[in-house]
Amino acid sequence: MYPARFSYEAPETIEAAVELLGGARGEARVLAGGQSLVPMMKLRFASPETLIDINNIPGLAYHGADPDGTYRIGALCRHVDLEKDGDLGTLQPTMAAAAPLIADPIVRMRGTVVGSLCHADPQGDWASVMGALGGSVVAQGPNGRRSIPCVDFVDGPFQNVLEPDELAIEAFVPAPVGTRAGGYLKLERRVGDFATVGVAVSVEFSGTQVTRAGIGLTGVGASTICAGAAAEMLVGEELNGDNIARAAGHAAEMSQPRSDHRGSEAYKRHIVATFVTRILSSLQRTTQEVA
Amino acid sequence: MTSLFAAVTTETPVDTPIRRITVTVNGKQHTLDVEPRLLLAHLIRQGLELTGTHTGCDTTHCGACTVLIDGSPVKSCTMFAVQVDGHEVTTVEGLASASGLHPIQEGFRDEHGLQCGFCTPGMMLTAKALLDENPDPTEDEVRWALSGNLCRCTGYQNIVKSVLVAAARLRAKDNVEEDEAP
């Protein structure tokens with residue numbers, strides 16, 4: 001399968017990429033890992049006139065924490081970079097749980113976190129993770145940079161709110177209030193399949209008390225669902241069986257699954273509640289052991 | 001060059017941008033003019049006539065087209081040829097040396113790691129990347145590493161066995177070489 005013809009540009013600076021995007025007037029797509037874009041171009045769901053390959057721009061492959069605790073992921077950080085980072089489990093447990101579950105090992109070699117966020121596939125895993133963590137995307141345009149919270153970044157299936165002349169250069173997660181804990185669980189029929197259900201949970205603790213919580217749901221709606229209301233029920237409390245059950249039930253209510261070959265609506269709601277319960281219960285055990 | 005490759009590079013309108021790339025494939029450097037939409041898998045198969053790389057699903061699922069780029073496995077149906085400009089590509093043809101089969105190939109032969117053989121080139125290259133990084137993997141690690149490569153014949157049992165046998169032989173070989181070193 002061949003994509004439609006396009007012209008190929010491989011700029012070596014962010015500024016040059018932004019200028020090319022501006023010149024293309026919305027008819028360009030940015031190529032980072034290409035693990036979603038190239039298949040879509042082959043199927044001609046995407047037919048950009050210009051493909052702007054950002055892989056030759058140096059300095060975008062980073063990931064790590066600033067001294068103030070802000071965690072930054074550059075536009076060319078591959079899934080595998082996070083998967084193989086031994087410190088990630090301590091700093092970003094939700095990300096560490098999700099990274100090995102993205103697609104399959106070969107796709108993780110090329111695919112990027114920021115590219116996944118921009119691709120805005122309702123079945124994408126990172127949008128739920130970043131939503132639960134309260135993360136943002138940094139976009140650079142001709143007049144400078146702006147941060148867009150992940151919950152506002154996607155405005156429909158495969159649509160993000162970037163202007164045609166803006167390049168997503170980074171995603172970041174603010175420093176935790178207290179200790180960060182969390183997890184990601186994904187039900188898939190086989191490795192590399194889209195999630196039947198994916199659940200991201202992030203909880204920040206001061207001692208055993210929850211200071212901030214976030215829940216993101218993948219695969220159970222027309223776009224990623226940020227179940228903030230379900231998570232907020234936990235804030236100010238210690239995790240216990242009752243509030244975990246309430247949060248899980250509320251997250252299941254907030255999901256909007258459709259019955260399909262991967263399972264019925266009721267089944268998927270049940271899995272949402274089960275996964276939220278499993279992750280929160282494991283965090284409850286951990287905090288009690290520490291305390 | 002076969003007709004299909006020629007068709008992509010010559011029967012294009014004059015305004016089609018052609019990019020000149022230099023790529024090293026299995027140790028041999030090639031300078032080629034390619035249309036940007038030429039997929040790496042097609043450059044390898046039709047352009048360079050290295051038909052050991054198989055295109056299976058053509059949708060990034062099966063891993064039959066896996067090649068190594070600078071040592072890392074990549075599905076070559078999901079990358080454009082222009083993207084490997086300046087990089088090194090290893091295909092299954094690059095595994096064997098003049099002195100014989102690569103230990104991974106021997107492993108697949110001796111342990112019956114293939115039936116129809118369609119997925120085998122991708123399996124072997126993914127296994128090579130794994131063993132380069134982790135010379136002594138557990139069975140679980142082998143299964144995990146190969147989970148992006150689909151096989152519809154073997155049920156994977158013998159593939160996993162082949163990789164474990166190859167790993168043991170490569171380790172034994174490395175030990176001998178170390179012992180022989182002055």
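The values are calculated or read from the model by the stated rules, or taken from the named source; none is laboratory data. This one's a predicted model, so the numbers in the text were calculated from it and none came from an experiment. Every residue, glycine as well, gets a Cβ built from its backbone with ideal geometry; the counts of neighbours run over all protein chains shown.
Which residues, taken from region B:129-165, are over 21 Å from B:Val89 (Cα atoms), within 12 Å of chain A (Cβ to nearest Cβ) and of a type outside the set (Ser, Thr, Tyr)?
Scanning region B:129-165 gives B:Glu141, B:Val142, B:Arg143, B:Trp144, B:Leu150.
Exactly one of (1) of a type in the set (A, V, I, L, M); (2) in contact (Cβ under 8 Å) with a residue 40 or more places away in the chain; (3) more than 14 Å from chain B (Cβ to nearest Cβ) is unmet by A:Val191. Its number?
Here A:Val191 meets the rest and fails (3).
Which count do you get for residues in region B:123-148 that are part of a helix (DSSP H, G or I) and more than 23 Å from A:Arg189 (Cβ to Cβ)?
Step one: filter region B:123-148 for residues part of a helix (DSSP H, G or I), giving B:123-133, B:139-148.
Subsequent filtering for residues that are more than 23 Å from A:Arg189 (Cβ to Cβ) retains B:124-125, B:127-133.
Number of matching residues: 9.
Within region B:65-105, considering only strands (runs of 3 or more DSSP E) that don't extend past its boundaries, which have at least 1 residues that are surrounded by fewer than 24 Cβ atoms within 10 Å (Cβ to Cβ), under 13 Å from the mean Cα position of the chain (by Cα) and at the interface with another protein chain (Cβ under 10 Å from one of its Cβ atoms)?
On the way: elements: B:66-69, B:72-75, B:88-90.
Qualifying strands (runs of 3 or more DSSP E): B:66-69, B:72-75.
Here are the criteria: (1) assigned by TED's automatic domain parsing to the domain that holds B:Cys65; (2) farther than 30 Å from B:His30 by Cα. Tell me which single one B:Thr90 does not satisfy.
(2)
Considering each of A:Arg29, A:Arg5 in turn, give the residue that is part of a loop (DSSP other than H, G, I, E, B), surrounded by 13 or more Cβ atoms within 10 Å (Cβ to Cβ), among the charged types (D, E, K, R) and within 13 Å of another protein chain (Cβ to nearest Cβ). Let's see the steps before the verdict.
Numbers: A:Arg29 fails: part of a loop (DSSP other than H, G, I, E, B).
A:Arg5 is the lone residue from the list that is part of a loop (DSSP other than H, G, I, E, B), surrounded by 13 or more Cβ atoms within 10 Å (Cβ to Cβ), among the charged types (D, E, K, R) and within 13 Å of another protein chain (Cβ to nearest Cβ).
I'd like the full set of residues that are under 18 Å from B:Gly71 (Cβ atoms) and hydroxyl-bearing (Ser, Thr, Tyr), limited to region B:103-143.
Within region B:103-143, just B:Thr126 meets the criteria.
Can you go through A:Leu117, A:Leu82, A:Leu76 and tell me which one is buried (at least 24 other Cβ atoms within 10 Å of the Cβ) and either closer than 25 Å to B:Ile69 by Cβ or at pLDDT 95 or above (or both)? Break it down into steps so the answer makes sense when it comes.
Details: A:Leu82 fails: buried (at least 24 other Cβ atoms within 10 Å of the Cβ); A:Leu76 fails: buried (at least 24 other Cβ atoms within 10 Å of the Cβ).
Answer to the check: A:Leu117.
If you take the residues of region A:93-102 that are under 13 Å from the mean Cα position of the chain (by Cα) and touching a residue at least 24 places away in the same chain (Cβ under 8 Å), which of them is farthest from A:His79 (Cα to Cα)?
By that ranking, first place goes to A:Thr94.
Output yes when any residue across region B:11-20 is in a helix (DSSP H, G or I), within 11 Å of another protein chain (Cβ to nearest Cβ) and free of Cβ contacts under 8 Å to residues at least 60 places away in the same chain, and no when none is. Steps first, answer last, please.
So in region B:11-20, the residues in a helix (DSSP H, G or I) come out as none.
No, the conditions are met nowhere in region B:11-20.
Please tell me if A:Gly86 is more than 10 Å from the chain's Cα centre (by Cα) and either part of a loop (DSSP other than H, G, I, E, B) or in the same structural domain as A:Ala247 (by TED's automatic domain parsing) (or both). Full working, then the answer.
Numbers: more than 10 Å from the chain's Cα centre (by Cα): yes; either part of a loop (DSSP other than H, G, I, E, B) or in the same structural domain as A:Ala247 (by TED's automatic domain parsing) (or both): yes.
Judged against the criteria, A:Gly86 is a match.
If you check A:Leu185 against the conditions, is it modelled with pLDDT of 95 or more, out of contact with any Pro (no Cβ under 9 Å at 6 or more places or on another chain), within 19 Å of A:Val30 (Cβ to Cβ) and surrounded by 15 or more Cβ atoms within 10 Å (Cβ to Cβ)? Break it down into steps so the answer makes sense when it comes.
Numbers: modelled with pLDDT of 95 or more: yes; out of contact with any Pro (no Cβ under 9 Å at 6 or more places or on another chain): yes; within 19 Å of A:Val30 (Cβ to Cβ): no; surrounded by 15 or more Cβ atoms within 10 Å (Cβ to Cβ): yes.
Here the answer is no, as A:Leu185 does not meet what is asked.
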